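Note sheet for the following structure.
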Amino acid sequence: MSDVDAERYDKLATSGGMTVSNFYYADADLPQGFAISESELSFNPKEVRLSKFNATLGRSDMAMTGAITNYMAYALNDETIKGELNFSSNSFDLNEWMTDEDTTATVEADTAALEVVEVPKNIDFILRSSITSLLYDNMEIKNMKGNIIVKDGVVKLDNGKFNLMDGLFAMDGEYDSRDLEKPVFAFDFSITDMSIKAAYNTFTTVQQLAPIAEKMEGKFSTDFVMAGALGQDMMPVMESILGQGVVKVAEGKVNDLKVLTTLSSVSKLGDDSGTLSLKDVIMQAEIRDGRVWLKPFDVNVGKYKTTIAGSNGIDGTMDYVMAMNVPAGAASAAANQAIASVTGVSSAISSNIVMNFGVGGTYDDPKVTLKSVDAGEGGKSATDAAKAKIASEMDAKKKEAAQKADAAKAEAVKQAEEKKEAVVKEVEEKKEAAKEEVKEQVEEKKEEVKEEAADKLKGLLKKKKGGGE
């Protein structure tokens, strides 16, 4: 006990070992069963070491080795515990532990009830994982590897890699819970050759930030860095997310998109402007203030090469510009009429032109307008002048959006401070009123006590007088 009091934990006689083999357990709460084929554990005053552990959990196999140190100081004096664990599995089936209820309404209810997870600051631990096949819902995640590091209230994923839906993922990231009121996350990732539609169907973030993916076919690759705040329900606060990176599409196609149907109706270029195809496209993207901003990139809208740039918000709003290169003689009579309404020239356009469109509204209810028509140059995706014009316009819009966001934040801070001052003032007034009320009650009580004491004293004196004393 004197060693415990003196914190000489390495002097304690905590030594021993344990082996387990051919162990099997199952009950009503664990019908799948848990079996340990062999396990070896040893411990001494400095460490607990797991030298062997081979087991199955239902249909899932697992093997582990590792050690923890400073465990006595952690248990008796709340000091930092340190350790490492190596985990491997050939096949791990999460579906075996999920009922039909779990995968429907119950999951939604559980998600809604999530709370901020506090990562203990007195844990210094690393988990090295290697799983050949992980089954979850209708997905098979293959060749999952990576390290999870827990230290100083932060959880980090280091060198995470896995294959999902024919795509290769590589990811590093962290979750920081040191401020429980404002937990944050940050990660950078790369994805190679993943199905665009599968990404939309799988990831909520893609649905909110890139709704166009619902109508796209093809594969994409990306390198991206993203960070933001988490709400008290552990879900990302979309307006807080900051990110930037590139998205590459080797070949893709967009079908049945309302904005393209609207564009075809406005341009009068016929069905040729109602489809969009991408080939060897590289898009530079930035996420800020609840919007995804795309720098100018080239696609084919029907048979017309087009430059697109702009942004869309998590609220579904769109703000894009499109510069469509129309070769000489390609415009129909109806298109020439539409062009004439903008240029004021009633004769047919005989040279290359660039039709500049504005795209607004929402993803479900797009608004397309023909803003201007410029002289173009043959053989280019769009004129350099049009690209420069788009880039300049986008920079101006981003600057305006940033100014609005900063103004909104400043106003919110101002209102919060004013509200805080009002609350403080109200509290002080209530405190003063309460003090006065308490003083009055104390004075009243003092008078009552005085009167009561005087009455008791009179009664006592009368009693003494009657007794002849």
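Would you confirm whether or not the range 17-27 contains a residue that is under 20 Å from S91 (Cβ atoms), hydrophobic (A, V, I, L, M, F, W, C) and open to solvent by less than 40 Å² (accessible area, probe 1.4 Å)? Among the residues of the range 17-27, not one is under 20 Å from S91 (Cβ atoms), hydrophobic (A, V, I, L, M, F, W, C) and open to solvent by less than 40 Å² (accessible area, probe 1.4 Å), which makes the answer no. State whether one or more residues within the range 84-96 are over 27 Å from I141 (Cβ atoms) and of a type outside the set (K, R). No, every residue in the range 84-96 fails to be over 27 Å from I141 (Cβ atoms) and of a type outside the set (K, R).
Look at the range 310-326: where a residue is touching a residue at least 60 places away in the same chain (Cβ under 8 Å) and a partner is polar (S, T, N, Q) and not in a loop (DSSP other than H, G, I, E, B), sitting 6+ places away or on another chain with Cβ atoms under 6 Å, you get I314/Q208; G316/T362; D319/S311; A323/T307; A323/N356. Total residues in the range 82-91 satisfying the condition of being open to solvent by 30 Å² or more (accessible area, probe 1.4 Å) and touching an Asp or Glu at 6+ places or on another chain (Cβ under 8 Å): the figure is 3. Screening the candidates V254, V266, V249, V259 for the property of being more than 30 Å from A186 (Cα to Cα), in contact (Cβ under 8 Å) with a residue 12 or more places away in the chain and within 27 Å of the chain's Cα centre (by Cα) yields one hit, V254.
Taking the criterion of being in contact (Cβ under 8 Å) with a residue 40 or more places away in the chain and open to solvent by less than 20 Å² (accessible area, probe 1.4 Å), the residues of the range 292-307 that qualify are V292, W293, V301, T306, T307.
Of all residues in the range 174-199, those that are crowded, with 17+ Cβ neighbours inside 10 Å, in a strand (DSSP E or B) and within 15 Å of the chain's Cα centre (by Cα) total 6. Assessment of the range 214-232 against the conditions (under 21 Å from P366 (Cβ atoms), crowded, with 19+ Cβ neighbours inside 10 Å and free of Cβ contacts under 8 Å to residues at least 60 places away in the same chain) yields at least one matching residue.
Only one entry in N143, N138, N163 is closer than 25 Å to N90 by Cα and free of Cβ contacts under 8 Å to residues at least 12 places away in the same chain, namely N138. Selection of the range 33-88 for residues being part of a strand (DSSP E or B), touching a residue at least 24 places away in the same chain (Cβ under 8 Å) and closer than 23 Å to M1 by Cβ yields F43, E47, I81.
The number of residues in the range 361-371 that are open to solvent by 20 Å² or more (accessible area, probe 1.4 Å) and part of a strand (DSSP E or B) comes to 6. For the subset of the range 37-60 comprising residues that are within 27 Å of E79 (Cα to Cα) and in contact with a Leu (Cβ under 8 Å, 6 or more places away or on another chain), which member is most open to solvent (accessible area, probe 1.4 Å)? Filtering first and then ranking leaves R49. So in the range 1-55, with the set limited to residues that are modelled with pLDDT of 90 or more and touching an Asp or Glu at 6+ places or on another chain (Cβ under 6 Å), which one is farthest from N70 (Cα to Cα)? Filtering first and then ranking leaves S21. The combined condition, being under 30 Å from L134 (Cα atoms), open to solvent by 60 Å² or more (accessible area, probe 1.4 Å) and out of contact with any Lys or Arg (no Cβ under 8 Å at 6 or more places or on another chain), is not fulfilled by A75.
The values are calculated or read from the model by the stated rules, or taken from the named source; none is laboratory data. A quick note: this is a predicted structure, and the numbers were derived from the prediction, not measured. Cβ coordinates were reconstructed from backbone atoms using ideal geometry, including for glycine residues, and neighbour counts include every protein chain displayed. All accessible areas refer to the heavy atoms of the entire protein, side chains included, with ligands and DNA or RNA removed. Shrake-Rupley method; radii C 1.70, N 1.55, O 1.52, S 1.80 Å.
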